[in-house]
1. Taking the stretch 300-326 as the search range and keeping residues that are in a helix (DSSP H, G or I) and not hydrophobic (A, V, I, L, M, F, W, C), which one is most open to solvent (accessible area, probe 1.4 Å)?
2. Residue by residue through the stretch 341-379, note down the ones that are closer than 19 Å to GLY311 by Cα and part of a helix (DSSP H, G or I).
3. Identify, by number, the condition in (1) open to solvent by 10 Å² or more (accessible area, probe 1.4 Å); (2) not in a loop (DSSP other than H, G, I, E, B) that ILE329 doesn't meet.
4. Give me the residue from the stretch 66-89 that is among the charged types (D, E, K, R) and open to solvent by 70 Å² or more (accessible area, probe 1.4 Å) and, out of that set, farthest from PRO269 (Cα to Cα).
5. Quick test for you: out of ALA325, ALA279, pick the one residue that is under 22 Å from ASP396 (Cα atoms) and not basic (Lys, Arg).
6. Quick one: count up the residues across the stretch 107-134 that are within 20 Å of TYR322 (Cα to Cα), among the small types (Gly, Ala, Ser) and open to solvent by 30 Å² or more (accessible area, probe 1.4 Å).
7. Can you pull out the residues in the stretch 285-294 that are surrounded by 16 or more Cβ atoms within 10 Å (Cβ to Cβ) and not β-branched (Val, Ile, Thr)?
8. For the condition open to solvent by less than 70 Å² (accessible area, probe 1.4 Å), in contact with a helix residue (DSSP H, G or I) (Cβ under 8 Å, 6 or more places away or on another chain) and either free of Cβ contacts under 8 Å to residues at least 24 places away in the same chain or not in a helix (DSSP H, G or I) (or both), what is the one hit in ILE16, ILE38?
Amino acid sequence: MPSISTKGANMPESPIRKLVSFAEKAYKANKKVYHLNIGQPDIKSPQIAMDAVASHHLEILAYTRSEGSEPYREKIAAYYQRNNIMVNADELIVTTGGSEALLFAMGSIADVGDEIIIPEPFYANYNGFATASGVTIVPVISKIEDNFALPPISEFEKLITPRTKAILICNPGNPTGYLYSQEEIETLAKIVKKHDLFLVADEVYREFAYDNLKHFSILEAKGIDENAIIIDSVSKRYSMCGARIGCLVSKNKEVMKTALKFAQARLSPPTFAQIASEAALETPQSYFDDVITEYKGRRDILIEKLEEIPGVQVGHPKGAFYCIAQLPIKNSDAFAQWLLEEFDLDGETIMVAPAAGFYSSPGVGLNQIRIAYVLNKESLIRSVEILKAALKEYKD
């Protein structure tokens, strides 16, 4: 029988989705499952975006430009400018989700065997994108004891080799909810400038900053216009995950020229999704104010309830809508499967994401889970009650 590729064999499973079959069995057993495992917001998408698609009367669903429609790119550039990120429409490419933007970025800046340094834990699919691109991830560990703050410069510099091409961060962070300060971004800017590296920032959660803190973009940092690449998406900002629209942003002309070749190879981003995303840019600020208030309330009640469970340690997120919880267990993969297969509290259970999949260092994060607080407060409180009862009953 013909064999599959080594690359295919090495592609990691998603820690977020790999338990789906067990959840389906739980449904068939008439259990109610609270989904804490995936960052699918329950917030309604902006009506203005939905209406734009419903009222559009295209006669031909045609290709758009490979870099995305010009009116949409002009409006995205205006959005960035309002956020003190001074780019124009020629300095961004519309992509099929933030995922494609990451693949374009890796393909444009790194060859097979090159290295990208990433503070871990990190968004699990970075492992998959790196494998698909032949890139080696070099992790620098941030710790729950430090609330996942940026490790010292010395920890980065000891990892830099002739094959290092970039540092990649997610800000605010998935899975930790950590929000990098301006000082930390400027520290990274100094490192990439000193060592002639790229700084790639996944900024898809930019709007989700709490406690009167403000997101500071890498393109607000001085002196790294040629080094900086932003990954962005409409998925979380407007609760439009199914639109699959993102963008790649950089003032480095060679990067953009190269990324455009990847964009041309896949022809164009989806037309209707661009129409919805363009309309979403007209979403009033009140929408975001309400969403931030809701998520902050969810975060507060979740952290409060988790910290009441004996033996549980939890990071305190300042942005996004995730947190990492460290549990008094040995293996969260086995625990997460057990929750779906064997446990329920009055017919209800929870689905969580084992955190080991958010690390690339072997053996790290085995006793941690990621929780997405994308459920209403009542469901979060009930979910923690179920977790508390499960931990009392579970035997490693």
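1. Result: GLU304.
2. ALA355, ALA356, listed by residue number.
3. Only one criterion in (1) open to solvent by 10 Å² or more (accessible area, probe 1.4 Å); (2) not in a loop (DSSP other than H, G, I, E, B) is unmet by ILE329, namely (2).
4. The extreme case among them is ARG82.
5. Exactly one of ALA325, ALA279 is under 22 Å from ASP396 (Cα atoms) and not basic (Lys, Arg), namely ALA325.
6. 0
7. TYR287, GLU294, listed by residue number.
8. Just one listed residue meets the conditions, ILE16.
The values are calculated or read from the model by the stated rules, or taken from the named source; none is laboratory data. These numbers come from a predicted model, not from an experiment. Positions of Cβ are generated from backbone atoms using ideal geometry, with glycine treated the same way; all protein chains shown enter the neighbour counts. The protein model used for the area step is the full one, side chains on, heavy atoms only, and it has no ligands, DNA or RNA in it. Shrake-Rupley method; radii C 1.70, N 1.55, O 1.52, S 1.80 Å.
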